[in-house]
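Let me begin by presenting the structure, written as structure tokens, before commenting on it.
The values are calculated or read from the model by the stated rules, or taken from the named source; none is laboratory data. Keep in mind that this is a model prediction, so the values were computed, not measured. As a convention, Cβ positions derive from the backbone with ideal geometry for all residues, glycine included, and neighbour counts pool all protein chains shown.
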Amino acid sequence: MSGWDIDPAGVSTVLNKVGEVVGDGSGEGLSGSTNSGLTSLSEAMSASGSGVVSTAVSEFFDHISNLSQQMTSKTVRATVGCSQATQAYIDGDTEMAERAQSRIGGTTGIDL
């Protein structure tokens, strides 16, 4: 017997909390905050009136934007992978239970 004991409801709770923290880009969570921050950086570039400052902010903007996209993408992939792994675990448990029940159901005339 393995040491695995996954609580699907607990996994679902954690994944939902991760989803709330990451957000959907509409202003809530990490993605929304990041989008808002990037918008502010864009406005700062325009308002600076300096080519040097605008270039520096633009390079910073590109760097932060790339990191933010990577972070969000990795978090989403990890969340999806966790969900799929949990579902595979549940499916495996169901399959084992069905096999066990079919074996038990196939026995007749047990002499005790």
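Among the residues of the stretch 19-57, those that are of a type in the set (Val, Ile, Thr) and closer than 16 Å to SER68 by Cβ comprise VAL21, VAL22, THR34, THR39, VAL57.
Scan the stretch 63-77 for residues that are surrounded by 11 or more Cβ atoms within 10 Å (Cβ to Cβ) and free of Cβ contacts under 8 Å to residues at least 12 places away in the same chain and report the count. Qualifying residue count for the region: 2. In the stretch 87-106, the residues that are assigned to a helix (DSSP H, G or I) reach residues that are surrounded by 10 or more Cβ atoms within 10 Å (Cβ to Cβ) and among the β-branched types (Val, Ile, Thr) with C-beta atoms within less than 7 angstrom, at least six apart or across chains, in these pairs: TYR89/ILE6. Being exposed (fewer than 11 other Cβ atoms within 10 Å of the Cβ) and either under 29 Å from ASP7 (Cα atoms) or of a type in the set (Ser, Thr, Tyr) (or both) is the requirement here; does GLU59 meet it? It is false that GLU59 is exposed (fewer than 11 other Cβ atoms within 10 Å of the Cβ) and either under 29 Å from ASP7 (Cα atoms) or of a type in the set (Ser, Thr, Tyr) (or both). Condition check for ALA9 on (1) surrounded by 13 or more Cβ atoms within 10 Å (Cβ to Cβ); (2) of a type outside the set (Ser, Thr, Tyr); (3) over 17 Å from ALA78 (Cβ atoms); (4) under 20 Å from the mean Cα position of the chain (by Cα): one failure, at (1).
Within the stretch 17-48, the set of residues being surrounded by 13 or more Cβ atoms within 10 Å (Cβ to Cβ) and out of contact with any helix residue (DSSP H, G or I) (no Cβ under 9 Å at 6 or more places or on another chain) comprises GLY32, SER33.
Which condition number in (1) within 30 Å of MET96 (Cβ to Cβ); (2) at pLDDT 90 or above is the one that MET1 fails? Going through (1) within 30 Å of MET96 (Cβ to Cβ); (2) at pLDDT 90 or above one by one, MET1 breaks only (2).
Taking the criterion of being outside any helix (DSSP H, G or I) and of a type outside the set (S, T, N, Q), the residues of the stretch 22-69 that qualify are GLY23, ASP24, GLY25, GLY27, GLU28, GLY49. Of all residues in the stretch 15-44, those satisfying the criterion of being closer than 30 Å to ASP93 by Cβ and touching a residue at least 40 places away in the same chain (Cβ under 8 Å) are LEU15, VAL18, GLY19, VAL22.
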